[in-house]
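Please read the structure below before turning to the comments.
Every number here is computed from the coordinates shown, using simple stated rules; none is lab data. The shown structure was predicted, so the numbers you read here are calculated from the model rather than taken from an experiment. Cβ atoms come from the backbone with ideal geometry, glycine included; neighbour counts cover every protein chain shown.
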Amino acid sequence: MVKKLGILTSGGDCAGLNAVLRAATHRAHNLGWQVIGIRNGTMGFLKKPYETVDLKPSTLEAGLLRLGGTILGTTNHGNPFAFPMPDGTQKDRSHEIIEAFRALGLDALIGVGGDGSHAILRQLAQQGNIPYVAIPKTIDNDVGATEFSIGFSTAVDVATEALDRLQPTAASHDRVMVLEVMGRDAGHIALAAGIAGGADIILIPEISYSLSGIKRKIQKVAENGRNFSLVVVAEAVKSESGKPITIYDPTGRIRYGGIGHYLADRITEETGAESRFMVLGHVQRGGQPGAFDRLLATAYGVKAVDLVDSGKFDRMVIWRNRNVIDVSIEEAISHYHSVDPKDALVKTAQGLGVYIGDHF
Ligand code: F6P
């Protein structure tokens with residue numbers, strides 16, 4: 001009997017998700033498995049009829065490796081253990097997902113998500129005895145055990161290109177340009193793109209800063225004969241006094257956003273320099289995956305299916321020292337992967353004279 005593998009993408013989208021679907025489908029079919037894609041994270045399990053897609057090598061688009069987003073759809077709402085109901089209450093719908101997994105005749109499940117998604121999917125797997133394998137994806141690169149999550153590299157490329165485009169306009173107008181990038185509570189995108197894009201100032205949530213430190217750096221750049229400065233700031237960086245800067249969407253949910261605007265205004269007040277800010281936002285998640293994300297996604301997709309085929313479950317595939325290995329999901333998500341202030345890239349930035357904060 002042909003075995004059936006379910007696969008879903010969960011949480012915020014990023015570049016490289018379709019490349020994983022392609023790789024996992026090819027590998028699974030080569031090993032004699034049928035692959036069923038579940039639409040919109042676990043939501044596809046909750047719809048009647050179930051929302052699924054038969055993933056076959058013959059029907060996969062030729063361009064899937066290159067395509068941004070996820071052909072399955074995804075969601076970062078709808079935790080099945082506390083599912084938001086129309087009347088504002090929350091309901092535990094986990095048993096419905098387990099029933100759907102059985103009704104679809106699935107033998108195993110692969111989830112592509114961040115640490116939040118994997119914590120939920122693992123809980124479901126344990127409750128329903130579902131053989132489960134996890135693949136890490138998130139532009140934030142904050143999944144504990146892995147050096148790289150799918151989507152991070154492309155987000156860094158996009159943020160670097162933004163700096164490449166901001167630099168000539170900053171130079172033409174003698175301005176300080178502040179670029180606000182995503183990353184949730186981690187500063188990985190800001191740090192990597194800031195170095196790759198030649199920023200003078202890089203601010204990340206893991207290292208505190210002062211406006212006087214920023215002022216000193218901007219004045220030094222000017223004294224050295226350069227008429228502009230580039231600043232990269234991660235979205236979760238707080239005000240100088242430690243106040244979170246967030247905005248509310250119309251549904252009342254808190255979102256990051258606003259630190260770029262805050263800093264541009266403070267820089268003008270402190271230094272007299274004309275400044276502008278840009279919030280890069282979701283362009284960091286969309287678009288074609290770069291070469292490294294395609295490579296990572298493909299290696300993860302193949303390895304995850306190999307784990308399924310060999311009956312090894314409750315594992316996450318990760319990248320460590322240029323190897324794709326697997327670790328227990330519990331270990332993989334047990335700690336948050338933020339930027340270590342002693343990280344080699346922090347030292348690189350400091351060595352260059354980039355202002356990256358005061359307190360280490
Ligand atoms: O976790 C990925 C991420 O893009 C964060 O960097 C960002 O804070 C958040 O998702 C944005 O979420 P949403 O797509 O719900 O606005």
Proximal charge balance of Ile259 [Cβ under 15 Å; K/R count +1, D/E count -1]: 0
Order of Ser212, Ser275 - criterion: other Cβ atoms within 10 Å of each residue's Cβ, fewest first: Ser212, Ser275
Solution diffusion estimate, µm²/s, Stokes-Einstein, segment 68-215, Kirkwood Rh from C-alpha pairs, 4 °C, viscosity 1.567 mPa s: 70
Helix axis angle, 17-30 relative to the chain longest principal axis, alpha carbon, degrees: 30
Under 5 Å, built H, 5+ apart or other chain: amide partners of Gly16: Gly69
Rounded Å value of the spacing that divides the Cα centres of segment 73-123 and segment 288-313: 22
Folded to 0 to 90 degrees: helix 291-309 orientation relative to the chain principal axis, Cα: 30
Ascending count of other beta-carbon atoms within 10 Å, so fewest first, for Asp314, Asp115, Asp92: Asp92, Asp314, Asp115
Cα-based helix-to-principal-axis angle, 259-271 vs the chain, degrees rounded to 10: 10
Projected label distance in nm at Val283 and Glu147, using a 7 Å step from Cα toward the beta-carbon: 3.0
Rg/Rg_globular for segment 192-310, with Rg_globular taken as 2.2 N^0.38 Å and Rg from C-alpha atoms: 1.41
Exceeding the 23 Å Cα-Cα cut-off - candidates Lys217/Lys342; Lys3/Lys312; Lys3/Lys303; Lys91/Lys312; Lys238/Lys342; Lys48/Lys312: Lys91/Lys312; Lys48/Lys312
If the convex hull is drawn through the Cα atoms of segment 261-360, its volume per residue in Å³: 183
Estimated D of segment 130-197 in µm² per second, where Rh is the Kirkwood radius over Cα pairs and Stokes-Einstein applies at 25 °C, 0.890 mPa s: 185
Residues in segment 20-53 that a label on Glu96 would reach, taking backbone N under 19 Å of a point 7 Å out along Cα→Cβ: 38-53
GNM top mover of Gly11, Gly260, Gly63 - the chain, alpha-carbon springs below 10 Å: Gly63
Overall form of segment 46-139 per C-alpha gyration tensor (a/c, 1.5; a/b vs b/c): prolate
Projected label distance in nm at Arg255 and Glu240, using a 7 Å step from Cα toward the beta-carbon: 2.9
Rounded to 5, the percent of DSSP beta bridges in the chain classed as antiparallel: 30
Aspartates and glutamates with Cα under 17 Å of Lys4, excluding same-chain neighbours fewer than 8 positions away: Glu51, Asp54, Glu99, Asp107, Asp306, Asp309
Globularity ratio of the chain, using Cα Rg and 2.2 N^0.38 Å: 1.07
Likely footprinting exposure, Glu147, Glu206, fewest C-beta neighbours within 10 Å first: Glu147, Glu206
